[in-house]
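The values are calculated or read from the model by the stated rules, or taken from the named source; none is laboratory data. None of these values were measured; they are calculated from a predicted model. Here the Cβ positions follow ideal geometry from the backbone for every residue, glycine too, while neighbour counts run over all protein chains shown.
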Amino acid sequence: MDKKIKRLSSTSQKVLLLLTAGIALGLSRSPKGYFKILGTAVKDWQEINRQELYRAIRRLYKTKLISMRENKDGSETAVITREGRETALTFKIEKMSIRRMKRWDHKWRVVLFDVPERFRKGRDALRTSLKRMGFCEYQKSVFVHPFECQNEVDFVIEYFQVRPWVRFLIAESLDNELRLKKHFSLI
């Protein structure tokens, strides 16, 4: 799957993410969630060049990331495959970041993990994702961030299937806090 990810154009990536947004829309139960998903999807959809869109759909079909379903009226619908959903989630996880709070609540979000060696790929992917999202490596398997991030952390640990070995803490103080405050530009 990694080779396919590297070969996909940005338009192909957007198409996969838009199809995934359709799935998320169907699963969302909150009206606030509907509007958030729709707002993002509409903006992305408007930015796609139509000719590039058709080429992207053809490429996605050839790589089996989407399939085409014929409707009763003769039209066709693009449907994301399981592999396409996994690929789209990978794009999403690579762009995931933690939003800076307007006003820091003086709490530290701490992610601790002890993933067994036989799940090394998941452990390494978790570590890489936490670093990419801006966490500070406090120790080899301990990462710290000052801003609200539990949803993002939950998504990452579910995606890499390492939930049994990961803990999430919220701490009011840590020793060597000054180093962390400097790292996150909080002083």
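Do you know which residues across segment 51-82 are among the aliphatic types (A, V, I, L, M) and in contact (Cβ under 8 Å) with a residue 24 or more places away in the chain?
Leu53, Ala56, Ile57, Leu60, Leu65, Ile66, Ala78, Val79, Ile80
Could you check how many residues of segment 127-157 are without any contact (Cβ under 8 Å) to a residue 24 or more places away in the chain and either within 11 Å of the chain's Cα centre (by Cα) or not assigned by TED's automatic domain parsing to the domain that holds Leu174 (or both)?
2
Just to be sure, is Phe160 touching a Lys or Arg at 6+ places or on another chain (Cβ under 9 Å) and closer than 15 Å to Glu94 by Cα?
For Phe160, the condition - touching a Lys or Arg at 6+ places or on another chain (Cβ under 9 Å) and closer than 15 Å to Glu94 by Cα - is met.
Residue by residue through segment 155-185, note down the ones that are touching a helix residue (DSSP H, G or I) at 6+ places or on another chain (Cβ under 8 Å) and part of a loop (DSSP other than H, G, I, E, B).
Result: Phe160, Gln161, Val162, Leu174.
Can you find a residue in segment 56-74 that is on the phi > 0 side of the Ramachandran plot and surrounded by fewer than 16 Cβ atoms within 10 Å (Cβ to Cβ)?
Within segment 56-74, one or more residues are on the phi > 0 side of the Ramachandran plot and surrounded by fewer than 16 Cβ atoms within 10 Å (Cβ to Cβ).
Can Val111 be described as surrounded by 15 or more Cβ atoms within 10 Å (Cβ to Cβ), over 15 Å from the mean Cα position of the chain (by Cα), in contact (Cβ under 8 Å) with a residue 40 or more places away in the chain and assigned to a strand (DSSP E or B)?
yes
With the condition kept exactly as written, say whether any residue in segment 126-137 is within 16 Å of Arg99 (Cβ to Cβ), in contact with a strand residue (DSSP E or B) (Cβ under 6 Å, 6 or more places away or on another chain), modelled with pLDDT under 95 and not β-branched (Val, Ile, Thr).
Within segment 126-137, none of the residues are within 16 Å of Arg99 (Cβ to Cβ), in contact with a strand residue (DSSP E or B) (Cβ under 6 Å, 6 or more places away or on another chain), modelled with pLDDT under 95 and not β-branched (Val, Ile, Thr).
Residues that are at positive phi, at pLDDT 80 or above and not in a helix (DSSP H, G or I): does segment 76-83 have at least one?
Checked against the condition, which is being at positive phi, at pLDDT 80 or above and not in a helix (DSSP H, G or I), segment 76-83 yields no hits at all.
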